[in-house]
Amino acid sequence: ADTRWARWLMRKLEGYRVSARFHGRRAPIGEVSRRIAPVFRERDELPTTNDLGETIRAALSQAATLVVICSPRAAGSRGVQEEIRAFKRLRGDGAVFAFIVEGEPKVAGAADDCFAPPLRFEVGADGELSTTPAEIVAADARPQGDGPKLAFVRLVAGLLGVGFDELRQRELQR
């Protein structure tokens with residue numbers, strides 16, 4: 001249901017040129033180079049297969065970070081919840097980034113809640129949700145939030161492991 005946002009974000013990430021002053025740094029995405037790549041989007045990348053679950057698990061195991069498009073539809077999706085849970089088992093909470101496109105992040109379980117439960121809570125080694133709230137790194141693309149442009153910069157700052165203001169100033173100069 002959030003395909004338009006996913007395509008927009010994927011194009012922006014793949015086309016983003018990282019400033020040379022950030023190259024070589026260790027970051028959530030790994031060692032920073034000229035581009036944020038490769039970017040995997042399951043709808044575009046997955047082959048036709050009988051075992052989609054195993055294919056997604058294999059892709060998640062190769063990923064350094066997971067960006068979750070957050071909307072009430074995504075929050076209610078069993079598939080999205082399972083992907084977050086599986087990824088957190090592999091990489092932990094610090095490698096998961098939220099990109100809010102619709103709904104409200106403040107009220108868990110509300111009809112317009114945009115955060116899936118596995119995003120809100122830590123996931124144990126057994127894959128079960130704990131009662132410990134997770135720290136959510138979120139960029140808010142909603143008009144009442146950062147808006148799409150600033151939300152994108154906020155997300156990239158997180159992926160690169162640099163301060164938002166440092167990257168925002170760099171983008172303003174560019």
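Details
- This model, with +1 at the C-beta of Lys and Arg and -1 at the C-beta of Asp and Glu, gives the range 106-174 a dipole about its Cα centre of some 440 debye.
- For the chain, share of DSSP beta bridges that run antiparallel, in % to the nearest 5: 35
- Exposure rule at most 16 other beta-carbon atoms within 10 Å, DSSP loop GluC sites (Glu not before Pro): the chain longest free segment: 1-127
- Three-way shape call for the range 92-138 based on the alpha-carbon gyration tensor, with the a/c threshold at 1.5: oblate
- With Cα atoms, 0 to 90° folded angle of helix 164-173 axis to the chain main axis: 40
- Among 32, 148, 79 the positive-end extreme of the charge dipole of the chain (Cβ point charges): 32
- Rounded to the nearest 20, the size of the Cβ-charge dipole of the chain about its Cα centre is 860 debye, with Lys and Arg at +1 and Asp and Glu at -1.
- With Cα atoms, 0 to 90° folded angle of helix 147-160 axis to the chain main axis: 90
- Amide H contacts for residue 16 (H built 1.01 Å from N in the peptide plane; partners 5 or more residues away or on another chain; cut-off under 5 Å): 36.
- Cα-based helix-to-principal-axis angle, 3-15 vs the chain, degrees rounded to 10: 40
- Cut-off under 5 Å, modelled amide H: who pairs with residue 98 long-range: 68, 137, 138, 139
- Computed from backbone phi with θ = phi - 60° and the Karplus coefficients 6.51, -1.76 and 1.60, the 3J(HN,Hα) list for the range 17-24 is 9, 7, 4, 4, 5, 9, 4, x Hz; x is used for glycine and proline.
- Built amide H within the under 5 Å cut-off of residue 121, gap 5+: 134
- Accessible area per residue for the range 1-149, computed on protein heavy atoms with a 1.4 Å probe, is 57 Å².
- When 137, 156 are compared by accessible surface with a 1.4 Å probe, the order from highest to lowest is 137, 156.
The values are calculated or read from the model by the stated rules, or taken from the named source; none is laboratory data. Because the structure is a prediction, the values reported are computed rather than measured. Every residue, glycine among them, receives a Cβ derived from its backbone with ideal geometry; neighbour counts consider all protein chains shown. SASA here: full protein model, heavy atoms, side chains in, ligands and nucleic acids out. Shrake-Rupley method; radii C 1.70, N 1.55, O 1.52, S 1.80 Å.
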